[in-house]
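Trainee: The structure is given below, and queries will be raised subsequently.
The values are calculated or read from the model by the stated rules, or taken from the named source; none is laboratory data. Values in this document were obtained by computation on a predicted structure and should not be read as measured data. All Cβ positions, glycine included, derive from the backbone under ideal geometry; neighbour counts span all protein chains shown. Accessible surface is based on the protein model in full, side chains and every heavy atom, while ligands, DNA and RNA are left aside. Shrake-Rupley method; radii C 1.70, N 1.55, O 1.52, S 1.80 Å.
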Amino acid sequence: MLKINQSLLSFLLLLALAGMAVLSVYLTLPPQAQPADAPQDEFSATRAMAYVREVAKEPHAMGTPAHARVRAYLLQEMQKLGLNPQVQETTAVLEAGQVCYAGYVYNVLGRLKGNRPGKAVLLVAHYDSQPNTPGAGDDATGVAALLETARALRQGEQLQNDIIFLLTDGEEYGLLGARGFMQHPWAQEAGVVINVEARGNSGASASFEMSSENGWVVQEFAKAAPYPMAGSIMYEVYKKMPNSTDFTVFSDAGITGVNSAFVEGFVNYHSMTDTPENLNQNSLQHHGSNMLALAKHFGSIPLDNTKAPDRVFFNPVGKWLVQYPVGLNMLWGGIVTLLLVVVWAVGTKRKAFTGMRALAGALVYVLVLGVVAGLFLPINNLVTGAMPYFTESGTYNIYLFLGAYLLLGMGLFLLLYRLAQVWLKPLALAMGACLIWFVAFAVVMMSVPSAAYLFLFPLMFCLAGLLFVTKGRSFKTPGSVAYPLGLLVAALPALFMWTPVVQLLMIIFDLNMPVAMVSALAVLMGLLLPLLLYIEGGFRVRDLPVLPALLILAGAVLTMAAINAEKPGPGQPFKTQLSYYLNADTGEALWASGNSRHDNWTGSFFTKNSTKTALTSLYPHASLQYHITSAPQLPLQAPEAEVVQDSTAGNSRVVQVQLRSVRGAQHLELVLQPENAEDIKAIRLNGQLCTMQPLDTAEGAIYMLRLYGLPLSKEAILEVEATPGSKVGLLLYDQSIGLPQQLLPSPMPADVVPAQGRFSNLVVVRKKYEF
Ligand SMILES: [Zn+2]
């Protein structure tokens, strides 16, 4: 048998493993953006970028002038595309426990007629942005994908089904536009919905969410999408997460559909850096290529029976999508179980390991997993501690940190296993890891069968590899090439299926929870153990663990480089949370900041040892902690509440109050303070019923409401049904976006931007009323 130097072979194997890992991620990249002169009936991201540039010129949150400008632009473009657009204006309500969120929304919608009656295809993206971001990725990309799809569809033959193009408003303030659309007659006509979103500005457009009973939609999606990226594990995980997008509203209403998003570039999400220039146009191409193909496909088939039992679906390699009925898992599971038994029998018979030693190997695997993952808690605390500018909104150089943590994690893992080999042989350790993998597979199989594929196929192949090396004589002569090569081939499914998972976990959790990524890495390495231990052995010099040491050293150096690269600058600004508050009743004005650490500019507003307190002087229910300091009083006009009707009939008094932001703010906050909580029987905003639980505060029970995106008139009607003769206090706040420039000691520097979110970069004026 061919024998070569184990050191050289180990080096080559290491290169092969790394190369394969890189390839597995490379194959998941979004497709290349098509040029502006691409055929007219195809989707071109370059053409679609014109829409993105116009929509994402500036932040365009609900109620702002920019929002109105974007709406007018979209209406005009949809007109040009022959979609016969209309604007749906309505107040939509989201009830969430103790707060009622309402929004005045302007949905923009249009339609391409099909040539047969029947259900329609609903394409959705939201055109509003968060307040402190131009929103190129989120969700101008989605809007552009819809419009370029409409343009391309009009080049082809008329479809059978109508296609509805819905650009929702107020997604960022509680899916308000989508909720509002459910009041529109077209909502009843939707047979299938395709929603596109983003949680960053780069990466593949993954179809992470499908409606329930996904069997039909998964099969049609697999047929039609040119670049399908999906996984039933994402479907299962997302079902259990509190996150939501417009899609949630439609799928909760029973409409079948697919929700896709790209998630890389998390640091830019909802941030001022989510600009058209920073957008990865390939991500837009990915959104659009899939959307156009799906629109054509769903536009040409009946949409009456769109529910079928769940299927298993995933990408074994790159964008190749496999899907099959959940029941087939039983067959695969049987094969894996059989393989495990055979490997056990052969391994113990041929003395590759004993039963006890394999069990000890299982214990070692669990310990190493725990230690490596656990070590990253203090390691990560050290790293983020070394970056005073780090915030939980993520890092600009996430790939440097990913590389660094990968090297450190692999080094630590191999170092601990070097130690374990004092007692146990590689194959006992490998068999032990397979046992734990099998237990994990069995647990997932019983609890979430459609996610079991992630354990099933990697384990199946690695067991086959283990069988190959224990059955042959090769494990007794590890110098032979067959041993590591057999293991390398067996490792391929694990590598191709798990490396993108490891990468994705770092992208999603960033430095907020890198333990997730490290755990997945260690889980993967367990399956590759016999190969990894072989490679590690090849690097030993006088029995010293050279490879683990090199990996840890390289990881440490890269970590330093990443920390250094992360320093704020104009391209990667610090995000500061700062707002101005004025109590128009007392004249008290203050600056408040939720920053955990300040930059120099924001720091200059506050005293050195400023501690955080709640804004109780303004809000009876305040609990969020802020740095607070007094500010000069600005002559801002307070929001007005005027009783326009007050009538009592029987044992009910109905008060109608007109609310107005005189200074033209975008949003209102309302705190209703009845003498007793039961005095209030019903609350309506612009005619929509708002139900919520009262909240107990030091000042008694209150009811809380928020109205986002005041209509252009900047007026709204509050209606309260109360006990006759009772008094109700109203704390009325209006919120405008942007700091009072005249009060800033110096303009905000180029390397500082307002923090993302709805609670930053505001001017809030409060006034108390009673009726
Ligand atoms: Zn969004």
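Trainee: Of (1) touching a Gly at 6+ places or on another chain (Cβ under 6 Å); (2) aromatic (F, W, Y); (3) within 30 Å of T559 (Cα to Cα), Y389 satisfies all except one. Which?
Mentor: Of everything listed in (1) touching a Gly at 6+ places or on another chain (Cβ under 6 Å); (2) aromatic (F, W, Y); (3) within 30 Å of T559 (Cα to Cα), Y389 misses just condition (1).
Trainee: List the residue pairs whose Cβ atoms are under 7 Å apart, where the first residue sits in the range 702-719 and is of a type in the set (F, W, Y), the second is open to solvent by less than 30 Å² (accessible area, probe 1.4 Å) and part of a strand (DSSP E or B), and the two are 6 or more positions apart or on different chains.
Mentor: Partner pairs satisfying both residue conditions: Y703/L672; Y703/I680; Y703/I683; Y708/G103; Y708/H667.
Trainee: Ok, one more. Somewhere in the range 138-153, is a residue in the same structural domain as E54 (by TED's automatic domain parsing) and open to solvent by 10 Å² or more (accessible area, probe 1.4 Å)?
Mentor: Checked against the condition, which is being in the same structural domain as E54 (by TED's automatic domain parsing) and open to solvent by 10 Å² or more (accessible area, probe 1.4 Å), the range 138-153 yields at least one hit.
Trainee: Now for a different question. Of (1) among the polar types (S, T, N, Q); (2) part of a strand (DSSP E or B); (3) within 16 Å of the ligand (Cβ to nearest atom); (4) open to solvent by 10 Å² or more (accessible area, probe 1.4 Å), Q88 satisfies all except one. Which?
Mentor: All conditions are met except number (3).
Trainee: Against the definition (touching a Leu at 6+ places or on another chain (Cβ under 6 Å) and surrounded by 19 or more Cβ atoms within 10 Å (Cβ to Cβ)), how does A373 come out, yes or no?
Mentor: So A373 fails the test.
Trainee: Just one of the numbered conditions (1) touching a strand residue (DSSP E or B) at 6+ places or on another chain (Cβ under 8 Å); (2) under 23 Å from A178 (Cβ atoms); (3) within 16 Å of the ligand (Cβ to nearest atom) is not true of A295; which one?
Mentor: A295 satisfies every listed condition except (3).
Trainee: Could you check the range 579-602 and list, in sequence order, the residues that are touching a residue at least 60 places away in the same chain (Cβ under 8 Å) and among the hydrophobic types (A, V, I, L, M, F, W, C)?
Mentor: The answer is L582, A584, W601.
Trainee: Out of G110, G156, which single residue is among the small types (G, A, S) and either within 16 Å of the ligand (Cβ to nearest atom) or open to solvent by 10 Å² or more (accessible area, probe 1.4 Å) (or both)?
Mentor: On inspection, the qualifying residue turns out to be G156.
Trainee: Sort out which residues of the range 620-638 are surrounded by 14 or more Cβ atoms within 10 Å (Cβ to Cβ), part of a loop (DSSP other than H, G, I, E, B) and polar (S, T, N, Q), and write them in order of number.
Mentor: Hits for the range 620-638 are Q633, Q637.
Trainee: Sort through G355, G333 and tell me the only one that's out of contact with any strand residue (DSSP E or B) (no Cβ under 7 Å at 6 or more places or on another chain) and within 18 Å of V448 (Cα to Cα).
Mentor: Checking each option against the conditions leaves just G333.
Trainee: So which strands (runs of 3 or more DSSP E) are wholly in the range 687-752 and hold at least 3 residues that are crowded, with 20+ Cβ neighbours inside 10 Å?
Mentor: 700-708, 715-722, 728-737
Trainee: So, in the range 195-244, exactly how many residues are closer than 16 Å to H287 by Cα and either within 16 Å of the ligand (Cβ to nearest atom) or among the hydrophobic types (A, V, I, L, M, F, W, C) (or both)?
Mentor: Count: 22.
Trainee: Right, G288: touching a strand residue (DSSP E or B) at 6+ places or on another chain (Cβ under 6 Å) and not aromatic (F, W, Y) or not?
Mentor: In short, no.
Trainee: Sticking with this one: Only one of A490, A516 is under 24 Å from the mean Cα position of the chain (by Cα) and free of Cβ contacts under 8 Å to residues at least 60 places away in the same chain. Can you tell me which?
Mentor: On inspection, the qualifying residue turns out to be A516.
Trainee: Quick test of your reading of the structure: P131 fulfils all but one of (1) in contact with a Phe, Trp or Tyr (Cβ under 9 Å, 6 or more places away or on another chain); (2) touching a residue at least 60 places away in the same chain (Cβ under 8 Å). Name the failing condition by number.
Mentor: The failed condition is (1).
Trainee: For residues in the range 118-130 being away from the ligand (no atom under 13 Å from the Cβ) and open to solvent by less than 10 Å² (accessible area, probe 1.4 Å), which is nearest to A206 (Cα to Cα)?
Mentor: Ranking the candidates gives L123 first.
Trainee: Please count how many residues of the range 168-189 are more than 15 Å from the ligand (Cβ to nearest atom), among the aliphatic types (A, V, I, L, M) and buried (at least 24 other Cβ atoms within 10 Å of the Cβ).
Mentor: Result for the range 168-189: 0.
Trainee: While we're on this one: Determine whether the range 657-678 contains at least one residue that is of a type in the set (D, E, K, R), more than 15 Å from L730 (Cβ to Cβ) and either without any contact (Cβ under 8 Å) to a residue 24 or more places away in the chain or assigned to a strand (DSSP E or B) (or both).
Mentor: Taking every residue of the range 657-678 in turn, none turns out to be of a type in the set (D, E, K, R), more than 15 Å from L730 (Cβ to Cβ) and either without any contact (Cβ under 8 Å) to a residue 24 or more places away in the chain or assigned to a strand (DSSP E or B) (or both).
Trainee: Among the residues of the range 1-45, how many are out of contact with any strand residue (DSSP E or B) (no Cβ under 9 Å at 6 or more places or on another chain) and outside any helix (DSSP H, G or I)?
Mentor: Within the range 1-45, residues that are out of contact with any strand residue (DSSP E or B) (no Cβ under 9 Å at 6 or more places or on another chain) and outside any helix (DSSP H, G or I) number 17.
Trainee: I'm checking my understanding of the structure. Among residues of the range 245-281 that are buried (at least 19 other Cβ atoms within 10 Å of the Cβ) and of a type in the set (D, E, K, R), which one is nearest to the ligand (Cβ to nearest atom)?
Mentor: D246
Trainee: Can you find a residue in the range 386-400 that is in contact with an Asp or Glu (Cβ under 7 Å, 6 or more places away or on another chain), within 23 Å of L466 (Cβ to Cβ) and buried (at least 21 other Cβ atoms within 10 Å of the Cβ)?
Mentor: No: zero hits.
Trainee: Something else: Could we say that V501 is among the β-branched types (V, I, T), surrounded by 23 or more Cβ atoms within 10 Å (Cβ to Cβ) and under 33 Å from the mean Cα position of the chain (by Cα) here?
Mentor: no
Trainee: Assess whether A352 counts as being part of a helix (DSSP H, G or I) and not assigned by TED's automatic domain parsing to the domain that holds N290.
Mentor: So A352 does not fit the description; no.
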